[in-house]
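This is the structure, below, for whatever I ask next.
The values are calculated or read from the model by the stated rules, or taken from the named source; none is laboratory data. Fair warning: this is a prediction, and the values are worked out from it, not measured in the lab. Because the Cβ atoms are built from the backbone with ideal geometry, glycine has one as well, and the counts that use them run over all protein chains shown. Heads up: the accessible areas ignore ligands, DNA and RNA and are worked out on the full protein's heavy atoms, side chains in. Shrake-Rupley method; radii C 1.70, N 1.55, O 1.52, S 1.80 Å.
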Amino acid sequence: MSASAFSAVPVYSGIGALIDGYDGVILDLWGVVHDGRTPYPDAVPTLERLMATGKKVVMLSNAPRRATAVINGMTDIGIARTLYHDVLSSGELAWRALKRRDDDWLRGLGHRCLHIGPDRDHGLMDGLELERIAAPESGAFILNTGPWRDEETLADFEDVLSAAAAKGMAMICANPDMEVIRGGVRIICAGTLAQHYGELGGDVRAFGKPHPATYDACLELMGLKAEARMLAIGDSFATDIAGANAAGLDAVLVTSGIHGEELGLAYGEAPDGARLAAVAAARGVRLTAAVPVLRW
């Protein structure tokens, strides 16, 4: 079916024309506000104007770290704490689940843990009374926060994942993202490892976008009721947009993010609304609108 057969997605130059009528805004971070190293050119002034509207603003990230660590990281790169109301991360949700152990699956994990991920994610285990192990082991579980090093590929994890699956280890995935672009370089994320582990027969539970409970937690942080009108802004069809759809929220795609290359767009270049509608339909998601970048 040609792109012209779909109703075109409304494309705006910025979010200012979209904000009226919403009680709160849920903003993705990586690919929308920053590139992993620095804020995008229009991000800070846009956040200033958004906060001036009086609407609730929560940053929702599939970062495999506690919310406080995400806040500290943003502050370090120039995104002040005054530019949003709160932060929720997939790592925070995973930490809460491991702390509370409020269902049989979580209680059955035990406390021996094989961490797959970089040293910078060790803080996710603080306060959980976990005993770290160095190799796959029956009766233990995997805490997956991503590759040990940015340059690694899925093939580098084949041996450890196959061994863990053979021993029946369950996996907590603290970042459902498949990949991310850091400083212009595409790297795999924990979601890629988790997907392959599931294909090997491994038992996986993931936290963060696109799971609907994530958005319930955002509303709680905002102090808003379920009937509040919410706008979710992100750059990923699979997590940001699919998650907003599942939670019944309006969804805006930032097209210069993770899908920029796929859509054939240079940074800041406006997409064709009809073509974007066709791509979204092929992905099984719905878009309320699109913007090239996070700009007012």
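Looking only at segment 27-49, count every residue that is of a type outside the set (Lys, Arg), assigned to a loop (DSSP other than H, G, I, E, B), within 22 Å of MET178 (Cα to Cα) and more than 16 Å from the chain's Cα centre (by Cα) and tell me the total.
So the answer is 2.
Taking only segment 82-132 into account, find how many residues are crowded, with 19+ Cβ neighbours inside 10 Å and either within 30 Å of PRO45 (Cβ to Cβ) or in contact with a Ser or Thr (Cβ under 8 Å, 6 or more places away or on another chain) (or both).
Qualifying residue count, segment 82-132: 14.
I would also like to ask the following. Testing THR153 on (1) in contact (Cβ under 8 Å) with a residue 60 or more places away in the chain; (2) in contact with a strand residue (DSSP E or B) (Cβ under 7 Å, 6 or more places away or on another chain); (3) surrounded by fewer than 20 Cβ atoms within 10 Å (Cβ to Cβ), one condition comes back false. Which one is that?
So THR153 meets the others, but not (1).
Looking at (1) under 14 Å from the mean Cα position of the chain (by Cα); (2) within 24 Å of ALA289 (Cα to Cα); (3) modelled with pLDDT of 95 or more, which is the only condition ARG229 fails?
In the conditions (1) under 14 Å from the mean Cα position of the chain (by Cα); (2) within 24 Å of ALA289 (Cα to Cα); (3) modelled with pLDDT of 95 or more, ARG229 misses (1) alone.
For every residue, the table says whether it meets (1) open to solvent by less than 10 Å² (accessible area, probe 1.4 Å); (2) touching a strand residue (DSSP E or B) at 6+ places or on another chain (Cβ under 6 Å).
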{"residue": "HIS34", "(1), (2)": "no, no"}
{"residue": "ALA43", "(1), (2)": "yes, no"}
{"residue": "THR46", "(1), (2)": "yes, no"}
{"residue": "GLY54", "(1), (2)": "no, no"}
{"residue": "VAL57", "(1), (2)": "yes, yes"}
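Answer yes or no: is there a residue in segment 247-260 that is in contact (Cβ under 8 Å) with a residue 12 or more places away in the chain, surrounded by fewer than 21 Cβ atoms within 10 Å (Cβ to Cβ) and under 30 Å from SER138 (Cα atoms).
Among the residues of segment 247-260, not one is in contact (Cβ under 8 Å) with a residue 12 or more places away in the chain, surrounded by fewer than 21 Cβ atoms within 10 Å (Cβ to Cβ) and under 30 Å from SER138 (Cα atoms), which makes the answer no.
Here is a yes/no grid of residues against (1) surrounded by fewer than 20 Cβ atoms within 10 Å (Cβ to Cβ); (2) at pLDDT 95 or above; (3) β-branched (Val, Ile, Thr):
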{"position": "LEU143", "(1), (2), (3)": "no, yes, no"}
{"position": "PHE157", "(1), (2), (3)": "no, yes, no"}
{"position": "ILE172", "(1), (2), (3)": "no, yes, yes"}
{"position": "ARG182", "(1), (2), (3)": "yes, no, no"}
{"position": "VAL185", "(1), (2), (3)": "yes, no, yes"}
{"position": "GLY191", "(1), (2), (3)": "no, yes, no"}
{"position": "ALA194", "(1), (2), (3)": "no, yes, no"}
{"position": "ARG205", "(1), (2), (3)": "yes, yes, no"}
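Output the residues belonging to segment 159-170 that are surrounded by 20 or more Cβ atoms within 10 Å (Cβ to Cβ) and part of a loop (DSSP other than H, G, I, E, B). Step through it out loud before you land on a result.
Of all residues in segment 159-170, those surrounded by 20 or more Cβ atoms within 10 Å (Cβ to Cβ) come to 161, 164-165, 169.
The one that is surrounded by 20 or more Cβ atoms within 10 Å (Cβ to Cβ) and part of a loop (DSSP other than H, G, I, E, B): MET169.
If you take the residues in segment 216-235 that are under 11 Å from GLY24 (Cβ atoms) and charged (D, E, K, R), which one is most open to solvent (accessible area, probe 1.4 Å)? Spell out the reasoning first.
Here is the first cut: in segment 216-235, the residues under 11 Å from GLY24 (Cβ atoms) are 218-219, 221-225, 228-232.
From what's left, charged (D, E, K, R): 225, 229.
Numbers: LYS225: 140, ARG229: 108 Å².
Among those that are under 11 Å from GLY24 (Cβ atoms) and charged (D, E, K, R), it is LYS225.
Moving to a separate point now. Quick one: which residue in ALA213, ALA281, ALA238 is open to solvent by 30 Å² or more (accessible area, probe 1.4 Å), closer than 23 Å to GLY36 by Cα and part of a helix (DSSP H, G or I)?
Values: ALA213 fails: closer than 23 Å to GLY36 by Cα; ALA281 fails: closer than 23 Å to GLY36 by Cα.
Every option except ALA238 fails the conditions.
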